[in-house]
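One structure below.
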Amino acid sequence: MSPDEFRRHGHAVVDWIADYWSSLDQRAVLPAGPPGAVAARLPPRPPERGEGFDRILADLDSVIAPGLTHWQHPGYFGYFPANTSGPSVLGDLVSAGLGVQGMLWATGPACTEVETVMLDWLAELLDLPARFRSTGSGGGVIQDSASSATLVAVLVALHRTGGGRWREHGVERRHRIYTSTQGHSSIEKAARIAGLGDDAVRAVEVDPDTLAMEPAALRAAIEADRAAGLVPTAVVATIGTTSTTAVDPLPAIGEICREYGVWLHVDAAYAGSAAICPELRYTHAGLEYADSYCFDPHKWLLTGFDCDAFWVADRAELIEALSILPEYLRNAATESGAVIDYRDWQVPLGRRFRSLKLWFVLRWYGAEGLRAHVRAGVALADRFAGWVRADERFEVVAPHPFSLVCFRLRTRAGAGDSRAPSSTDANANGTDADANGTGAELDRANAELLDRVNGTGRVYLTHTRVGGRHTLRLAVGSPYTREEHVAEAWRLITDAATASQVGRS
Ligand SMILES: *Cc1c(COP(=O)(O)O)cnc(C)c1O
């Protein structure tokens, strides 16, 4: 493809994306086909001869788009958002066009230096502790995902608590990692990859109302392990758990980590973006105790996947843990010690110029624009929670400091129940489910409600379990989502509740 052909087809592709974004509202959020439907429409063999670009674009419309979940759809409320934006896509396009591989400073200095500065900019925007900045002892790096950030944190923690033996002799089976029962699955995965296995991960109890880690339970687990000759190695605390966005109490957890010399990694994959708003920064109190911290601009900060921002308070320790310098990578800049080689900050050697999309996003929106995006999501979630609370058939089952609301039907028969709404979140324990039918029946009613609502094609919500009970999640985050879309979701939910009640009586 010559540069001129690229120019022509490139314009057509940008048009295609712009048309896609402007027509999202007219599409069903979820794909219709059964498993294999997309694969069945692809030829079994690659073409022998090259094809015209128009044919490729046409198949985007007829084969690919119908087989997708539309994550940018204004009615998309599933999991957490994975939003993107014009400046992010264009920054990524430039990165792809440059084709730079930034494993070393020397293999593309701007690729490294822009990343360092962007992570300092983000640290400034989130008001992170000074020790995470590259101007101090720490620094930031872009990982592909929060999962990789957790893995890297675990590896450095092993290096630290292993007294240097880990690098030469590998992992000892005595290391233990702590997270709450609500911690993300990537923590167990990191333990497996690190060679520790699932047994090394201790699930610490949470407060039944807030679903945040119980510091006393953490202390007890650490003490018990020490008494058994095991080595408490890392605590992974969460700001905004995946299930309900619970916030672990960092000040108390941080004190315990300091007392026992345990690495503290803070996983704020989704909720970290909230810290750009001063009024939401209270969720990050105690972060000064952390040895490492990460959040995903690719979830809620208008930056397309993949972009996890990861910081350490002591970069020397990280580099010591992961650096290996073969002859073919030796160069004067590295030897001088004056540059950052990001290959030492991650698992792979090679890396893309991912900071370019971040640079485009931060400059296009400015801090103000990004704050407005986060605030809009929080306000819409608040409004939705208000509607849920005002309808006695439903209950909000967990605090909702960000843009996720966890809720469910309180009674199997929906509107037929005249019981006054409960004033507390005690229902999160599922203890009173039996007053209105068995817990299993309620679970079934909630699952059916979710299926009905998602079956309309207008919105998409996902579920979790809270206090052992099937719970619906509505997460706001698409830049296209406005109040009318959240209101439509609520109308579809209440319609479905009414229909299921009519169907039963
Ligand atoms: C989404 C999420 C992750 C995993 O994110 P990736 O970037 O996809 O690896 C980890 N932790 C929490 C709390 C999350 O919400």
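The values are calculated or read from the model by the stated rules, or taken from the named source; none is laboratory data. Since the model is a prediction, treat every value here as computed from it, not as a measurement. Neighbour counts run over all protein chains shown; Cβ positions are idealised from the backbone, glycine included. Surface areas here come from the heavy atoms of the whole protein model, side chains and all, with no ligands, DNA or RNA. Shrake-Rupley method; radii C 1.70, N 1.55, O 1.52, S 1.80 Å.
Tabulated data
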| item | result |
| --- | --- |
| Test: residue in region 232-248 that is surrounded by fewer than 24 Cβ atoms within 10 Å (Cβ to Cβ), modelled with pLDDT of 95 or more and away from the ligand (no atom under 14 Å from the Cβ) | no |
| Residue selected from region 186-231 under the condition part of a helix (DSSP H, G or I), in contact (Cβ under 8 Å) with a residue 24 or more places away in the chain and basic (Lys, Arg), by the criterion least open to solvent (accessible area, probe 1.4 Å) | 219 |
| Options 266, 204: the member that is away from the ligand (no atom under 13 Å from the Cβ) and aliphatic (A, V, I, L, M) | 204 |
| Considering residues of region 298-343 that are aromatic (Phe, Trp, Tyr) and closer than 22 Å to residue 128 by Cα only, the residue surrounded by the fewest Cβ atoms within 10 Å (Cβ to Cβ) | 342 |
| Criterion violated by residue 155 - all others in (1) in contact with a strand residue (DSSP E or B) (Cβ under 8 Å, 6 or more places away or on another chain); (2) under 18 Å from residue 294 (Cβ atoms); (3) outside any loop (DSSP other than H, G, I, E, B) satisfied | (1) |
| Subset of region 283-330 [within 16 Å of the ligand (Cβ to nearest atom) and of a type in the set (Val, Ile, Thr)] | 283, 303 |
| Selection status of residue 360, aromatic (Phe, Trp, Tyr), touching a helix residue (DSSP H, G or I) at 6+ places or on another chain (Cβ under 6 Å), open to solvent by less than 20 Å² (accessible area, probe 1.4 Å) and at pLDDT 95 or above | no |
| Inter-residue pairs, beta-carbon under 9 Å, first on the phi > 0 side of the Ramachandran plot and in region 161-185, second outside any helix (DSSP H, G or I) and away from the ligand (no atom under 16 Å from the Cβ), 6+ apart | 170/195 |
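Yes or no, residue by residue, for (1) touching a Lys or Arg at 6+ places or on another chain (Cβ under 7 Å); (2) among the hydroxyl-bearing types (Ser, Thr, Tyr); (3) open to solvent by 10 Å² or more (accessible area, probe 1.4 Å):
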| site | (1), (2), (3) |
| --- | --- |
| 83 | no, no, no |
| 86 | no, no, yes |
| 90 | no, no, yes |
| 110 | no, no, yes |
| 127 | yes, no, yes |
| 132 | no, no, no |
| 137 | yes, yes, yes |
| 142 | yes, no, no |
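A quick yes/no check of all residues on (1) closer than 18 Å to residue 269 by Cβ; (2) under 26 Å from the mean Cα position of the chain (by Cα):
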site: 209; (1), (2): no, yes
site: 216; (1), (2): no, no
site: 226; (1), (2): no, no
site: 230; (1), (2): no, no
site: 243; (1), (2): yes, yes
site: 246; (1), (2): yes, yes
